1. Please report A:260, A:478 as a ranked list, fewest other C-beta atoms within 10 angstrom at the top and most at the bottom.
2. How far is the Cα center of the range B:117-182 from the Cα center of the range A:139-196, in Å?
3. Along each of the three principal axes of the Cα atoms of the range A:308-347, give the extent in whole Å, ordering the values from largest to smallest.
4. What per residue convex hull volume, in Å³, do the alpha-carbon atoms of the range B:220-286 yield?
5. Calculate, for residue B:135 and residue A:312, the FRET efficiency according to 1/(1 + (r/R0)^6) with r their C-beta to C-beta distance and R0 51 Å; round to the nearest 0.05.
6. Output the direction-averaged projected area (hull surface divided by four) of the convex hull of the alpha-carbon atoms of chain A, in nm².
7. Can you list the residues of the range A:302-346 with backbone N under 20 Å from a point 7 Å past the Cα of residue A:90, pointing along Cα to Cβ?
8. Find how much the distance from residue A:457 to residue A:333 grows on full extension, using 0.36 nm per residue of separation minus their present alpha carbon separation; answer in nm with one decimal.
């Protein structure tokens, strides 16, 4: 390794890096390698390079909060009793003493008030779940917006989408376990969703609940799904996700020396291991602070589940909010009876059709994009969102749909807090859910294209200095100065978009080409996707612009100081080579 | 998995067909990796010592916090002081804060160590195509074919097809059939959904307390959350004791709301003229959307709102849906008064209560 570390942390290196005689650790390693042969695999990976960028940390938050979930979850299982047997609560919490409830509710209250640290662990578990799903979603957005899902990473994208689905189900099964009034209401709604399934709905409900709702089986069944089945699959898929990440090597942002062929960053050992390991403690610490200071899911306030009761403002956990919102804005009477059989469109559409459809759309995004562009190359350099305006706009449209549906899920809360009519909010949402995404798509795409133009301006004419000069003729103009070579290269380090040519309808023999219809569609989509994009300037354009700039500079030659407007800030410093120290 | 970091020079590579053909210097040539810049801790021994002290201080702070965590664990009891600080127990807050700070200090110290004192020269590693080399593919296909060929499966379709059939049937059928008793035989009866515990002559009682309701007690504008008398068995009323799951099921289906309004306000549905008692009208409490108990009543408009998804029903007009996602009116319970003046049911509900399901209209 020819990295110059001569000046690095000399205090670390008072001892020789390798002992002359193998110590106990060395002997142990030899013993292990004689049997496992791990050295071959480890020599490649111990110093594996990971590129650095703040946005690469989002997936790490998801990973570490999953670890926190496993740790706190195991703690909770030591006391939790997933039984629907009816008992009278006799624990420390005064206001529920003497009240009948299921054993799962009683043990949840017991964990909260009679086990030291129990409430802390419960709240950490719940906060970690909320963070787990939130960070998965933000990570997903990062991957999509930067085009990291392109070949060869499409399958890892699919795994990620499945992880998001499973995480959501895991959250639902988890918060249903205490058998409190709020979660019981959610389970009853879930029973209604099952029953809305055509043909087999009622049977599905009977099989899940062991007979009619609520029965005495649902909590133990959800429990084993929550602590074994889904976590097992999650663990396996996370492992696959990480293995593929290591195999593909991480994507990186383009820049000087950072190409499609290499990966530039810090080695796994020591820097990346230390940063990632330290970050685990930070995620864990933040969740502990949240668990200690922020109340979440206070089931003792909701009371035990009673199928005849409900509270106003009943809300599922946040990640279940968007299907709930769709459920709320369906207009009245959407149910049909065909040949005597009931079809509940009002439940099927928002719960059984649209959310699975959204998941399918999400999973298909990289494949659709790959088909439209016809791009079969591997991509390891990330794209700035502005440089893929259509993709960015599609994602923002999907986000808008999600956000509006989610807001609709809180229509009662919005009505109360903002003193609005719940009916009017609902009417608004019924329209906005269709118009919003279209509007968002259009605005985002134009915005991206305008940012692309701005980048070209900077390349061709330099950055705006804020210095206004007046010519002898009295003409005012703003002085532009060229951006640094580094910035200029980074801005241009992207591919030129190529619109697929429309295929001719017939081949040379005059026979209609077999695939011509799908090919025409593809060409149209390609044009829709790319034709409005702004391409980076050519070399000739740049040279022409620079020539023009030199002419401008000559005109200003009489000035006795460099008028770049940055005498007093660090803009100039950053691009100069003689600055010895980096500002850390 | 093949990767090596033997090369640290930024090479522009090329040649590999799986990688995008970057037109070099289009329009600007890659200036290459910028020279490494030294950090203050690399060149200034004072800064280096300072960073060391900061990191050690954080590690010591973490240990102190861990000790405080143990102290709080044994100092504060849970249970009787569960809302000491801001609605949270002293124990929960102190444990959370000390644990959180312990972990945050460890994490911050390790990251500080990585950023200030560990070597920070960026390294370059070359990428390799995700795809296997063509010769590996060919070899794998050849091995696969050899294996299949030697198995003879391809030449013996009878064996092949019966084998797949046996595996599919042999594993599939038992695993599906084994799940049959998820709903035990006596429980798997869809027609149960159409019936509730209500029966002719059964008194309407107040939920929670179970006292019967005198028709004369109810004022115009009142809403009473009710239940079937059979949910409150006594020696006097002679209903059998209810247990376990069946009690919960009957409770979940039998819940009602009883309202009284000016009889002139009521628009009775044809055939239901005799289902009310002097302006007293009774409906299932279970929303026809997905089954939440509805509860929010506005007496001036006779509207009742489901707090889950805001379906709104007009109780004066056979509980028809006037807003929200529900499709059907709340089922109405025909009521009468017995000889003592108490409200009783004329019969069970005449349609299934609660959420819709496929066979609903057939029952």
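Just so you know, all these numbers are worked out from the coordinates, no wet-lab data involved. Everything quoted here is computed from the prediction, not taken from an experiment. Cβ atoms come from the backbone with ideal geometry, glycine included; neighbour counts cover every protein chain shown.
1. Numbers: A:260 24, A:478 12.
With the fewest neighbours first, A:260, A:478 line up as A:478, A:260.
2. Cα centroid of the range B:117-182 versus Cα centroid of the range A:139-196: 28 Å apart.
3. Over the range A:308-347, Cα extents along the principal axes are 38, 26, 15 Å.
4. Numbers: hull volume 7.9 nm³, N = 67.
Normalising the Cα hull of the range B:220-286 by residue number yields 118 Å³.
5. Between residue B:135 and residue A:312 the formula returns 0.15.
6. Numbers: hull surface 172.0 nm².
If you wrap the Cα atoms of chain A in a convex hull and average its projections, you get 43.0 nm².
7. The answer is A:304.
8. Working: separation 124, 0.36 × 124 = 44.64 nm, distance 5.59 nm.
Here the segment from residue A:457 to residue A:333 would lengthen by 39.1 nm.
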